[in-house]
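So the structure is just underneath, and the comments pick up after that.
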Amino acid sequence: MRLQSGASFGGDTLAICAGPCSVESAEQIEATAKAVSAAGANVLRGGAFKPRTSPYAFQGLGVRGLELLRTSADRYGLGVVTEVLDPRDVAIVARYADMLQIGARNMQNFSLLREAGESGKPVLLKRGLAATVDEWLMAAEYLLVAGNDNVVLCERGVRSFDPATRNLLDLSVVPLLAELTHLPVIVDPSHGTGVARLVEPMALAAVAAGADGLLVEVHPDPASAVSDGAQSLTPDAFTAMTRALAAVASAVGRRLPAASLAA
Ligand code: PEP
Ligand code: MN
């Protein structure tokens, strides 16, 4: 599956989606887009509509955030993946994004799935907080029956008994889903662990397990991030991660987007 920007999910080349949890300002998204593209990412992520546990927490910049994402992504030749929370916002998000993200909290929001399915845009479907593989695949089926074949699954960890990590990142689903479905599968080690130090090792493990790509939170100054700073990589840490990833990717017959551009 290929985005209009050229990024592919499911081929020899990995999809590397990177960016902040939330789009905060023009300066923040611009600095992030520049850094992640230089490090070899091919898709810019960032939330403009944010699903926050508390209604008093920052809810995102909305349409202004979409505009900022699109502008910076275009400057660096990146695709855009961003979350849509509400069926009423599918059309506006689809106008700016190359790929609609349906978040963990909305995996079984069936009216949102139907609307996203009918939009014709590729959809990134994150695993629900406590969703079984069967439930996840049935949620994907809502997109497929709406006529949308461009569906990518994203493992982002599930709730567990152990608060040592934010979620329990289930990498066993990567080879399991390869048996069960033709849909590409990417891994989000940022929400999967909640701890920036754990992101690189789990990203390497995800690619070793056969993941078709990664979704990684990167912020120019994680300490000042309005959301998810503790799990966000600095641009330098992200660059180090992509360098380390190149060797693992080639060991499993994959390559990074930057390497395929050079080839
Ligand atoms: C996100 O990717 O910004 C996000 C909110 O993730 P999740 O839906 O996996 O919690
Ligand atoms: Mn986040």
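The values are calculated or read from the model by the stated rules, or taken from the named source; none is laboratory data. Computed from a predicted model, the values in this text were never measured in an experiment. We place every Cβ from the backbone using ideal geometry, glycine too, and count neighbours over all the protein chains shown. For the accessible areas, the whole protein counts, side chains as well, though only heavy atoms, and no ligand, DNA or RNA atoms are used. Shrake-Rupley method; radii C 1.70, N 1.55, O 1.52, S 1.80 Å.
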For this session: Could you pull out the longest piece of the chain with no exposed loop chymotrypsin sites (Phe, Trp or Tyr not before Pro) in it, calling a site exposed if DSSP puts it outside H, G, I, E, B and it has at most 11 other Cβ atoms within 10 Å?
Result: 57-160
Problem set entry | Gained length - residue 95 relative to residue 208, 0.36 nm times residue gap less alpha-carbon distance | 37.2 nm
Seminar exercise, completed: For the residue 165, residue 4 Cβ pair and Förster radius 35 Å, calculated FRET efficiency rounded to 0.05 is 0.50
Exercise. Tell me, what % of the accessible area of the chain is carbon and sulfur with a 1.4 angstrom probe?
Worked result: 53 percent
Problem set entry | Additional length obtainable on full extension of the chain from residue 141 to residue 38, 0.36 nm per residue less Cα span | 33.5 nm
For this session: Provide the FRET efficiency to the nearest 0.05 for the residue 176-residue 12 pair, computing r from the beta carbons and using R0 = 35 Å.
Result: 0.95
Problem set entry | Size of the chain as Cα extents on the principal axes (Å, biggest first) | 41, 40, 40
Exercise. If ligands, DNA and RNA are left out, what is the accessible area of residue 168 with a 1.4 Å probe, given in Å² to the nearest 10?
Worked result: 90 Å²
For this session: Determine, from the Cβ-Cβ distance of residue 27 and residue 149 and an R0 of 45 Å, the FRET efficiency 1/(1 + (r/R0)^6), rounded to the nearest 0.05.
Result: 0.75
Seminar exercise, completed: accessible surface per residue for region 30-95, probe 1.4 Å, DNA/RNA/ligands not counted, whole Å² -> 42 Å²
